[in-house]
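> Mind having a look at this structure? Questions to follow.
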Amino acid sequence: MNFPAISDPNAMARFPDARAEERDALLELVSLKASQRVLDVQAAGGFLSDEIDRRLAQEITCVCIEPCEQLGQRLNPRFEWLRDSVEHFCGVADSSIDVALGLAGLHHSESHRATVGEMYRVLKPGGELAICDVEVGSKIAAWLNDFVDRHNPSGHSGEFLQFGNTGNLLNEAGFTEVTEKKQKVPWRFEREEDVSIFFKALFGLDLQLEQVGQAVEDYFEVEVKDDGVSIDWQLIYCFGRKARELKTLSEK
């Protein structure tokens, strides 16, 4: 298991809307309803589940797969926290989940095929899957596996997505209605100085703010306007549905 770089616990609390477009683009792919059981794979501190919980006025069950103790301790105590690996959700029963989600966490899996297969297994017939993650060869991939790896005490080693391959994985697992797309989801801030503060905290960088700010400019396009600052960010988004009526062996 490739654990994520450990972030400052105050990073998302201080800038709760910085990654809103990235998160909301994922949630737009699925239909969330009260009384559902939603699986959050590689939940980290609960950025995604917190928003789901807020939208459904706590009338939903969030099941969070987060094997890292430090990150799991940050989850809302209302959520079901499972320390299972992201390759095998031994604590989740077959066909027990309505919606399965993964927000930029699949690259920590040692087997994308195993993780997607597990998401298929635990979904109810008709259940929905939506995942997003970094594209291999992108500037975000370089940022994470190069810069963050060198300047976070825990390092960072991720296996990123190849566009086209992830959709194929979903098809192979048995998902229907599969879609795959690249989508720009810029990170947004009110002030230029906020960018360095957030990146240093989120990625746990052992550097001065000035060094972080320069690195962000080296790796990304930073756009400064009167209404705020945006950082160019693009991810691969995939959707799939588990068939409502599964074929029996005699029908295959």
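No lab work stands behind these numbers, since they all come straight from the coordinates. Computed from a prediction, not measured in an experiment: that's the story for all the values here. When we count neighbours, we look across all protein chains shown, and the Cβ atoms used for this are built from the backbone with ideal geometry, even at glycine.
> Work out the charge dipole of segment 1-150 with +1 on the Cβ of Lys and Arg and -1 on the Cβ of Asp and Glu about the Cα centre, then indicate which of A57, Q70, V148 is farthest towards its positive end.
Among A57, Q70, V148, the one farthest towards the positive end of the dipole of segment 1-150 is A57.
> What value, in deg cm²/dmol to 500, does the helix sum -39500 (n - 2.57) over DSSP H runs of n ≥ 4 give at 222 nm once divided by the residues of the chain?
Numbers: 9 runs with 71 residues, N = 252.
Here the helix-only value at 222 nm equals -7500 deg cm²/dmol.
> Follow-up. Computed FRET efficiency, Cβ-Cβ of R150 and N76, R0 41 Å: what is it to the nearest 0.05?
0.80
> Please figure out what share of the DSSP beta bridges in segment 76-182 is antiparallel and state it in percent, rounded to the nearest 5.
Of those bridges, close to 10 percent are antiparallel.
> Next question, about the same structure. Taking amide H atoms as placed 1.01 Å from N in the peptide plane, list the residues 5 or more away in sequence, or in a different chain, whose amide H sits under 5 Å from that of Q162.
Here the answer is V136, since their amide H atoms fall under 5 Å of that of Q162.
> Taking the Cα centre of segment 16-245 as origin, work out the dipole magnitude from +1 charges on Lys and Arg Cβ and -1 charges on Asp and Glu Cβ, in debye rounded to 20.
Details: 24 positive and 42 negative charges, 166 e Å.
Roughly 800 debye for segment 16-245.
> Another question about this same structure. Sorted by average packing, counted as other Cβ atoms within 10 angstrom per residue and highest first, what order do 101-113, 187-199, 71-83 take?
101-113, 187-199, 71-83
> For a quick protection proxy, order the peptides 116-123, 52-59 by their average other-Cβ count within 10 Å, most packed first.
Result, highest mean first: 116-123, 52-59.
> Per residue and in cubic angstrom, what volume does the convex hull of the Cα atoms of segment 16-245 have?
Normalising the Cα hull of segment 16-245 by residue number yields 117 Å³.
> Can you pull the semi-axes for segment 204-248, root of five times each eigenvalue of the Cα gyration tensor, sorted largest first, whole Å?
41, 16, 9
> Nearest-5 percent of antiparallel DSSP beta bridges in the chain?
Details: 22 of 40 bridges.
DSSP beta bridges in the chain are roughly 55 percent antiparallel.
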